[in-house]
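For reference, the structure discussed in these notes is given below.
Read-outs: derived from the displayed coordinates by stated rules, not from any lab. Only a predicted model underlies this, so the values are computations on that prediction, with no experimental measurement involved. Every residue, glycine as well, gets a Cβ built from its backbone with ideal geometry; the counts of neighbours run over all protein chains shown.
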Amino acid sequence: MGTFIVTRPTTEPVSLAEARAHLRLDTTDMDAMLAGYVIAARQYATNYTRNVFLTGTWDVTFDYGWPSRIDFPYTPVQEVMQVSYTDLNNVVQTLSPTEYLLRGASEDSLPYVVPAHGVTWPEVLSIPETIRVRFVAGYGTNPGDVPEAIRTAILLHTELLYDRDSTSRALLESARDALLDPYRVMRL
């Protein structure tokens, strides 16, 4: 299985101004470094929770044949845009949306796609990336669409990366993870 971003969000869930205010920085001298910290903090939160925060378009691919169900690597999934496959004649085909169902998109597990009732998916060519699913995931297009607890956790992780002594580090890590825990999704 491979995962590729097709359309990347144009902003981060936390702005440089918010990070500066959180760290009580009065100047923009550190903005380049701080921008990197915000990205790293968002990446940590994404990996920890298996959530993507701002809406983007993703492809997930499968090699050599259909899995029993198509699991998505991230949540929340807003929609499945397309399920395509390479048929036995080496031609890319697209399933009709009536041939599959999106399940678990609003639950505390990773969403997945299964064949619709009575549908058997077609045979595919046994090659890498023979199946491709394009989907949209994220809470919304604006930072304000992201739950405030996640945004705060990103700020706390940014603070950890910026400069913290070892005494406060453990407290910040604990607070960050406690804020992210309700959004954490585990693969079953």
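Write out the GluC sites (Glu not before Pro) in the range 79-164 meeting two conditions: DSSP loop, and at most 13 other Cβ atoms within 10 Å of their Cβ. Each step should come with its number before you reach the end.
Values: sites: Glu79, Glu99, Glu107, Glu123, Glu129, Glu148, Glu159; in loops: Glu107, Glu123, Glu129.
Counting only loop positions with at most 13 other Cβ atoms within 10 Å, the GluC sites (Glu not before Pro) in the range 79-164 are Glu107, Glu123.
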Review point. In nm, what is the difference between 0.36 nm times the number of residues separating Asn89 and Thr61 and their Cα-Cα distance?
Key: 8.2 nm
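Under the Kirkwood approximation applied to all pairs of distinct alpha-carbon atoms, what is the hydrodynamic radius of the range 145-188 in Å?
Numbers: mean 1/r = 0.0903 Å⁻¹.
That comes to 11.1 Å for the range 145-188.
From the C-alpha gyration tensor of the range 56-137, pull out the three semi-axes of the equivalent ellipsoid (sqrt of 5λ each), sorted largest to smallest, in whole Å. Numbers along the way, then the final one.
Numbers: eigenvalues 90, 37, 23 Å².
Calculated on Cα positions only, the semi-axes equal 21, 14, 11 Å.
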Practice item. Using only Cα atoms, tell me the angle between helix 31-49 and the longest principal axis of the chain; keep it within 0 to 90° and round to the nearest 10. Key: 50
Check your understanding: To two decimal places, what compactness ratio does the chain give when its Cα radius of gyration is scaled by 2.2 N^0.38 Å?
Key -> 1.22
Point to revise | Angle between the chain longest axis and helix 148-162 axis [Cα atoms, degrees, rounded to 10] | key: 60
Review point. At what distance in angstrom do the alpha carbon centres of the range 156-181 and the range 126-155 lie from each other?
Key: 23
Check your understanding: Name the residues of the range 47-74 whose amide N is less than 13 Å from a point 7 angstrom out from the Cα of Arg184 along the C-beta direction?
Key -> 47-51
